[in-house]
Amino acid sequence: MGRLDGKTVVVTGASSGIGLAIAKLLGAEGGNIVLNGRQRENMDAAAKEIEAAGGKAVVQPGDVTEEKVVIGLVDTAVETFGALDVMVNNAGYNPFDPVINGGVYAKWKETLDVNVLALALGCREAVRVMQGKGGHIVNITSVAARSAEPDDPMYAASKHAAGALTESLRLALEGKNIRMTAIMPGAVATNLVRSMPEEQLFALGRMLGVDPEEAGIKPGEHLPQEMLDRVATMGKAFVMSPEDIAQAVLFAVTMPESAHVNEIMMRPSQPLQMPGMNLPA
């Protein structure tokens, strides 16, 4: 018997990395999962995996910066499974942009759209259908919500905003049977680093035992899964796995109703440090 039997869960950013790991784990625990992301192939495979284990899953591709997509996600959950019990706002973007010295405005806007506004939309729509019934909203933010990032200030700003939004909404929902949890990961082996400048991305790969050219790494494109697997293995002291974060989500949403987990901060056992580069540890 799974710990989420009969519960319906929406996971955004579920086509890779942390979101995909969350969807798989909560599905393995009996949850009815609605997967959202921009790339369908991985989500279709995850849905088949969940259903083969006896669970239920629906794939709903789309960009969560579009209001109609987020509304549709929540409506799909209710129409398909009868309710929404857990909303996991996981979709994220890191511009790796310095702001000064030639920063790119389009990257700043996308960062705020994905990390703050889409998260707010997810919260609003979840509350819309949870009111009077109860539920749990989990926002995946970052340890950058508690630090200054001189090489990546817009990312830090977006995560500070996401953290403030999450805590403000948690207080607004007190007494309404809707719980709110912020999960704040440090360095995780995911595709979030694909937006790094080529020099930094390649240096990070070499540091963790991966030859960038041999692995076929191309800045801006999704990284080969074998590279992410190797990074997670070779650099496990410095980088957590997406499955680690998924376990934190499962812990939060399966706590008894009498216990409210406001936030969970997760870090690898050792900080990842590179000359000339500051990374959230």
Worksheet entry | Pair list, Cβ < 8 Å and 6+ apart or interchain, from segment 93-106 residues that are free of Cβ contacts under 8 Å to residues at least 24 places away in the same chain to residues that are crowded, with 19+ Cβ neighbours inside 10 Å | Val104/Pro95; Val104/Asp97
Discussion item. Of the conditions (1) surrounded by fewer than 24 Cβ atoms within 10 Å (Cβ to Cβ); (2) at pLDDT 95 or above, Lys159 satisfies every one except a single condition; which number is it?
Written reply: (1)
Worksheet item: Here are some conditions: (1) among the small types (Gly, Ala, Ser); (2) buried (at least 21 other Cβ atoms within 10 Å of the Cβ); (3) over 30 Å from Asp85 (Cβ atoms); (4) at pLDDT 95 or above. Gly205 meets all but one. Which one does it not meet?
Response: (4)
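For (1) modelled with pLDDT of 95 or more; (2) surrounded by fewer than 20 Cβ atoms within 10 Å (Cβ to Cβ); (3) of a type in the set (D, E, K, R), each residue gets a yes or a no:
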{"residue": "Thr8", "(1), (2), (3)": "yes, no, no"}
{"residue": "Gln39", "(1), (2), (3)": "no, yes, no"}
{"residue": "Gly55", "(1), (2), (3)": "no, no, no"}
{"residue": "Val59", "(1), (2), (3)": "yes, no, no"}
{"residue": "Thr76", "(1), (2), (3)": "yes, yes, no"}
{"residue": "Val86", "(1), (2), (3)": "yes, no, no"}
{"residue": "Tyr105", "(1), (2), (3)": "yes, yes, no"}
Response to the item:
Glu221 vs (1) part of a helix (DSSP H, G or I); (2) surrounded by fewer than 22 Cβ atoms within 10 Å (Cβ to Cβ); (3) out of contact with any Asp or Glu (no Cβ under 7 Å at 6 or more places or on another chain); (4) modelled with pLDDT under 95: all pass except (1)
Practice prompt. Would you tally the residues in segment 166-181 being part of a loop (DSSP other than H, G, I, E, B), touching a residue at least 24 places away in the same chain (Cβ under 8 Å) and over 15 Å from Gly122 (Cβ atoms)?
Written response: 2
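The values are calculated or read from the model by the stated rules, or taken from the named source; none is laboratory data. Model, not experiment: these values are computed from the prediction. Every residue, glycine among them, receives a Cβ derived from its backbone with ideal geometry; neighbour counts consider all protein chains shown.
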